[in-house]
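What follows is a short report on a single structure.
What follows draws every value from the coordinates through simple rules; no lab data is involved. Here the structure is a predicted model, which is why all the values come from computation and not from measurement. All Cβ positions, even for glycine, are placed from backbone atoms using ideal geometry, and neighbour counts span all protein chains on display.
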2 protein chains.
Amino acid sequence: MELSSKSEYALLALLELGRGFGQGEPMQIRQIAAHQNIPDRYLEQLLATLRRAGIVRSQRGAKGGYLLARSPWQITLYDVVSCIEGFDSSKEPPATPQTSEGSVIAEVWQTARQAAEDVLQKQTLQDLVDKCKAKQQVDLMYYI
Amino acid sequence: MELSSKSEYALLALLELGRGFGQGEPMQIRQIAAHQNIPDRYLEQLLATLRRAGIVRSQRGAKGGYLLARSPWQITLYDVVSCIEGFDSSKEPPATPQTSEGSVIAEVWQTARQAAEDVLQKQTLQDLVDKCKAKQQVDLMYYI
DNA sequence: TATAACTCCGGTTCTCCGGTCGGGTTTGCA
DNA sequence: TGCAAACCCGACCGGAGAACCGGAGTTATA
């Protein structure tokens with residue numbers, strides 16, 4: 001039930017991209033990695049996955065980098081974690097050849113997971129960006 | 001997000017114990033393991049954990065075995081997985097010394113997890129047993 | 001009281017995967 | 001043409017989950 005650092009990194013990176021959304025300027029891996037202190041070599045792989053899932057797009061060559069493929073409010077957190085965690089399409093067909101006990105358990109578990117996924121589905125990247133800005137505002141006010 | 005075999009085994013075992021609840025007869029590890037085909041040596045450890053968490057109690061010696069410590073309807077599925085997965089009390093205090101971005105993400109994640117836990121909290125072992133019986137009934141009717 | 005049937009406890013092994021690197025290839029801008 | 005980036009691929013490491021085992025402690029029962 002723990003948030004894997006994989007997903008956290010991805011979210012952090014997208015947050016960065018999301019706030020720079022609008023001006024066509026792509027951001028480099030290095031920038032993002034440094035700003036959120038994520039191992040850049042690792043971030044590279046994550047962004048590759050996000051690109052294959054159509055969440056970000058990349059621009060090669062000098063002055064290249066990454067941009068969001070869609071606007072922040074049409075990217076749900078579920079999109080992100082599901083693609084990064086790899087439980088989207090084509091998975092474990094032999095996952096449910098169980099006994100009646102097993103299937104009942106699987107069923108309940110499925111319900112619980114569904115509940116969590118619903119929460120993630122309702123939150124968009126835009127929401128995150130906003131919350132983040134709000135929080136920074138508050139933090140600033142309380143700063144001595 | 002996947003149900004660990006650990007938790008699945010535990011649930012399976014408790015299901016077994018739950019259905020035999022009432023008559024004071026304890027069940028042996030071997031029996032449970034054989035009936036649900038779980039590696040018995042492994043099940044032993046899981047039951048030990050459940051015992052320490054006060055979910056089952058054990059009777060040593062000849063004719064010994066395991067029994068539920070409370071009745072099935074006062075054991076929630078959350079009790080089980082949280083104790084087996086080990087995220088009950090005393091865990092990672094340094095889990096949130098993050099940046100403002102990080103804390104926002106953690107917050108949302110927490111909400112999602114909470115939703116899942118609520119589902120588990122509402123389901124008792126008794127519910128599982130009932131569902132299981134119902135399912136077996138249905139399966140029997142459809143049996144050629 | 002002896003014995004068999006159990007739980008209990010601790011280590012050990014094996015496997016798998018998240019996370020990490022290094023090196024090399026393409027692409028595009030200046 | 002040179003440089004700066006994304007891109008690809010494969011190997012490595014450590015730790016956690018999963019499973020195995022030997023032996024010691026406990027108890028009902030004959």
If one builds a Gaussian network model of chain A from Cα atoms under 10 Å apart, the most fluctuating residue listed among A:Val108, A:Val56, A:Val81 is A:Val108
Give me A:Asp139, A:Asp79 sorted ascending by neighbouring Cβ count inside 10 Å, so fewest comes first. A:Asp139, A:Asp79
Give the residue from B:Leu12, B:Ile75, B:Leu125 lying farthest towards the positive end of the charge dipole for the protein assembly as shown; charges sit on Cβ (+1 for Lys and Arg, -1 for Asp and Glu) and the dipole is referred to the Cα centre. B:Leu12
Considering only the label points, 7 Å along Cα→Cβ from Cα, what distances in nm to one decimal separate B:Gly61 from the same position in each other copy, shortest first? 8.5
Mind counting lysine pairs for me in chain B? Cα separation below 26 Å, and the two need to be 8 or more apart along the chain or on different chains. 9
Hey, fewest Cβ within 10 Å first, where do A:Met1, A:Met141 land in order? A:Met141, A:Met1
By Cβ neighbour count within 10 Å, fewest first, B:Tyr66, A:Tyr42, A:Tyr78 rank A:Tyr42, A:Tyr78, B:Tyr66
For chain B, modelled as a Gaussian network with Cα springs under 10 Å, which listed residue fluctuates most, B:Gly86, B:Gly61, B:Gly18? B:Gly61
Between rounded, prolate and oblate, where does region A:1-129 land on the alpha carbon gyration tensor, with a ≥ b ≥ c its root eigenvalues, rounded for a/c under 1.5, else prolate if a/b exceeds b/c? prolate
Alpha-carbon centroids, region A:12-29 and region B:1-73: separation in whole Å: 52 Å
Normalised by the residues of region A:6-144, what does the relative contact order come to in percent, with Cα pairs under 8 Å and at least six apart? 28 percent
Summing +1 per Lys or Arg and -1 per Asp or Glu among the other residues with Cβ less than 13 Å from A:Val129's Cβ gives 0
Which value, in debye to the nearest 20, describes the size of the charge dipole of chain A about its Cα centre when Lys and Arg Cβ atoms bear +1, Asp and Glu Cβ atoms bear -1, and nothing else is charged? 740 debye
Size of the protein assembly as shown along its principal axes in angstrom, Cα-based, largest extent first? 74, 56, 29
Which semi-axes, in whole Å and largest first, does the equivalent ellipsoid of region A:12-52 have when worked out from the alpha carbon gyration tensor as the square roots of 5 times its eigenvalues? 16, 12, 8
